[in-house]
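*Asks:* I'd like to ask you about the structure that follows.
None of the figures in this text is laboratory data; all of them are computed from the coordinates on show. Fair warning: this is a prediction, and the values are worked out from it, not measured in the lab. Virtual Cβ from ideal backbone geometry, glycine too; neighbours counted across all protein chains shown.
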Amino acid sequence: MAKATLTISSKNYSSWSLRGWLLTRFSGLDFEEIGVAPDDASARAEILLLSPTILVPCLRHDGATIWDTLAIAEYLNEAMPQAGLLPADRVQRAHCRSICGEIHSGFTTLRASLPVNLKHHFPGFKIWTRAQADIDRVWAIWNECLAASGGPYLFGAQRTMADAMYAPVVTRFRTYDVKLSERLEAYAATIMSMPEMVEWIAAAKAEPEEIEELEVEY
């Protein structure tokens, strides 16, 4: 069987690439990483949220080509069931899918006003009112999950697709100095200390490219 491949774009700017990469790493699937330069037209459209059809990240495995992040998550859950990308409990699985769907299709103001940028930190960054509403909703989701599961991850002791889907939000909160409650700060620290996140962020900071549209003025 040919080795799986995962096509991604910028590690510094691309939240969707991070999600797809984390999901694949969490699953334990052996894969080859293929990078697309940020100046590639399709990759740039994906990063700048300008494309109605996002084709990155793209997982190719065993005859399947999957380019939607939720579809990648569901495929990996089927292909690598031992990884536990979805909770074992039926009700928790439904909840996990729901909050993953919410981050997949919503929070547009948060995405636009606090773009992922792992190289920089903006202390005291001014948050727009509409973006704060998105932040409040993320807080509510995390608090509900952590209160029910006891942490350290959203659904308990094991990482699920939800943690991969919300990991870029954790980086946004770090970049733009969003203050968190003690419980949520502990969750954010858990995500940021994962070996996969440490590896990704180190690679992001080594990238030479900059996308001017995503370099916010401060």
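*Asks:* If the chain were replaced by its equivalent ellipsoid, with semi-axes equal to the square roots of 5 times the Cα gyration tensor eigenvalues, what would those be, largest first, whole Å?
*Replies:* After diagonalising the Cα gyration tensor, the semi-axes are 24, 23, 15 Å.
*Asks:* Right, next: In percent, how large is the relative contact order of the chain, given Cα pairs closer than 8 Å and 6 or more residues apart?
*Replies:* Computed value for the chain: 24 percent relative contact order.
*Asks:* Over the Cα atoms of segment 49-113, what Rg and Dmax result, in angstrom?
*Replies:* Over segment 49-113's Cα set, Rg and Dmax evaluate to 13.7, 38 Å.
*Asks:* Quote the charge dipole size of segment 91-142 about the Cα centre in Debye, to the nearest 20; the model charges only the Cβ of Lys and Arg (+1) and of Asp and Glu (-1).
*Replies:* 100
*Asks:* Let me know the charge dipole size of the chain about its Cα centre in debye, to the nearest 20, where only the beta-carbon of Lys, Arg (+1) and Asp, Glu (-1) is charged.
*Replies:* For the chain, the charge dipole is close to 560 debye.
*Asks:* Rounded to the nearest 20 debye, what is the charge dipole size of segment 151-212 about its Cα centre when +1 sits on each Lys and Arg Cβ and -1 on each Asp and Glu Cβ?
*Replies:* Dipole about the Cα centre, nearest 20: 340 debye.
*Asks:* Okay, next question. Using the beta-carbon distance between Thr190 and Lys126 and R0 = 30 Å, what value does 1/(1 + (r/R0)^6) give for FRET efficiency, to the nearest 0.05?
*Replies:* 0.60
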